[in-house]
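Just so it is clear, none of the values below were taken in a lab; they were calculated from the coordinates. Here the structure is a predicted model, which means the values were calculated and not measured. Counting neighbours? That spans all protein chains shown, and the Cβs are built from the backbone with ideal geometry, glycine included.
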Amino acid sequence: MKEFHVENRRNVAEKMKEGSLMILFAGEAPKKSADAVYDFTPNRNFYYMTGIDEEQVILVLEKKAGEVLEHLFIKRRDPVMVKWVGESISEEKAKEVSGVEDIRFLDTFDAYLHQSIAKESLERIYLDLEKDHFNSLEVVGSRFAKMIREKYPQVRIKNIYNEICALRVFKSPEEIALMRKAIAITKDGIEALMKNTKAGMKENQLEAHFNFVLKSQGVKDFAFTTICAAGQNATVLHYVANNEEVKDGDLVLLDLGAQYGYYSADISRTFPVSGRFTERQRVFYDLVLKAHDAVLDMLKPGVPFTRINEVVHEIYAKELKALGLIEKDEEVRKYYYHNTSHFLGLDTHDVGRRDLVLEEGMVLTVEPGLYIEEEGIGIRLENDILITKDGMENLSKDILIRPEEVEAFLATRA
């Protein structure tokens, strides 16, 4: 992956102007309580540019005199901390992973920054100033920007977030390989969960079978908090309590995924606890599957991203009217209240604008659902899709989804 990260830095450097720095921060695990902290996960744009997943590391690209210099600032080895938490990344390892040759230590960063600004006429600094809504918490780049404006008001601060994200929308072969691995592990976890499902169990007991498979295959973290929702719970879109009893007549809705090499799988499946769908459950399952298949049939380069959701709404409007559940098209939102797709990659809800037109190399989910609250039926079917030169590839095609296949698989339970 080293060459992948080198190429990413080269592409981003092209967006920079002469006489500028780009500074990206790995981040740091926030405090939880007392002396406990949350698990660390690297800033995804930093990771995309370096491949390093260690706290506090700083990447700097320096563009001047027609060339780009790269610097990586890492923690200096502390023999005391080694005894408590283990080794931090070494200079050799940092070079090997990132491809950055100039490795420095964090305690020299302030002096380097001052030298660059005060002595070398630095004009601008590019930072990752991600902000998803008005009241979102400050990211480390925003805090750093405040400090720069206070100490060096002559320097212009520019946001590089959108430029990096525009590159991340298109997945390289290396990224797709990691996503295939995440999906394959997710498949194994889903099958273990289904195989061990019995009426009377708790949702979290089902979830434990999925967790065991992932951890036993080397997965460090989940793509997101697992949804394992039975019966009425499946009509709550982001139900994550997973603590109620699974009953014989229930459907179980799963929305889950492994994260492998920081790349996510995102899969939804729905299955009957009893092993067979009731007639009514099958009506809605078949409808969701019909919408799912219709989307897959139309995916190819040139299709507007927004068209995906429109196709599902058109199918649902017609079929739900025929079932007597709605009278007007806009009433579809009563039973289907989320969008059909999002981009997938280093983030589960990955970067990428919804006004884009599909192009080769994009990876997105297709996840239509129906939630019939008054009948306690919630169904979602989700696959991970790669847009190819002439159409699409279903990366998760090997995970059971056809109702007859699901019933046949459940019939093999002990």
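Rank the residues PHE271, PHE134 as a footprinting-exposure proxy: fewest other Cβ atoms within 10 Å of their Cβ go first.
By the 10 Å Cβ count, ascending: PHE134, PHE271.
Cβ-Cβ distance of ALA241 and ASP102, R₀ of 60 Å, FRET efficiency by 1/(1 + (r/R0)^6): the value works out to about 0.75. The overall shape of region 173-410 is oblate: from the C-alpha gyration tensor, with semi-axes ordered a ≥ b ≥ c, the ratio a/c is 1.5 or greater and a/b is no larger than b/c.
Loop-located GluC sites (Glu not before Pro) in region 314-353 (DSSP state not H, G, I, E or B) with no more than 12 neighbouring Cβ atoms inside 10 Å: GLU327.
Remark: relative contact order (region 172-268) = 35 percent; criterion is Cα-Cα distance under 8 angstrom and separation of 6 or more residues. Footprinting exposure proxy ranking of THR225, THR340, THR108, fewest other C-beta atoms within 10 angstrom first, gives THR225, THR108, THR340. Scan region 249-337 for trypsin sites (Lys or Arg not before Pro) in coil per DSSP, keeping those whose Cβ has at most 10 other Cβ atoms within 10 Å, and list them by number. Passing both the DSSP loop test and the Cβ count: LYS328.
Compared with the alpha-carbon gap, the fully stretched path from ARG276 to ASP110 is longer by 53.3 nm at 0.36 nm per residue. Work out the FRET efficiency for ALA34 and MET81 from their Cβ-Cβ distance, taking R0 = 22 Å, and round it to the nearest 0.05. E(calc), rounded to 0.05, equals 0.70. The chymotrypsin sites (Phe, Trp or Tyr not before Pro) found in region 1-61 that occupy coil by DSSP, while having at most 15 further C-beta atoms within 10 Å, are TYR38, PHE40. Between LYS15 and LEU296, the simple label model (points 7 Å from Cα in the Cβ direction) yields a spacing of 3.4 nm.
Rounded to the nearest 500 deg cm²/dmol, what is the calculated helix-only ellipticity per residue at 222 nm for the chain, with -39500 (n - 2.57) per DSSP H run of length n ≥ 4?
Result for the chain, helices only: -10500 deg cm²/dmol.
Post the alpha-carbon centroid distance, region 359-386 to region 139-191, in whole angstrom. After rounding, the separation between the Cα centres reads 25 Å.
For the chain, what does the relative contact order come out to in percent, with C-alpha contacts under 8 Å and a separation of six or more? The normalised contact order for the chain reaches 13 percent. Extension gain, GLU373 to ARG307, is 21.1 nm, computed as 0.36 nm per intervening residue step minus the present C-alpha separation. Assuming a ≥ b ≥ c are the square roots of the Cα gyration tensor eigenvalues, decide whether region 2-168 counts as rounded (a/c under 1.5), prolate (otherwise, with a/b larger than b/c) or oblate. It is rounded, given that a/c, with a ≥ b ≥ c, falls under 1.5. How would region 94-145 be classified by its alpha-carbon gyration tensor: rounded, prolate or oblate, with rounded meaning a/c under 1.5 and the a/b versus b/c comparison settling the rest? Taking the square roots of the gyration eigenvalues as a ≥ b ≥ c, region 94-145 is oblate. On the beta carbon distance between GLU138 and ALA408, with R0 = 56 Å, the FRET formula returns roughly 0.60.
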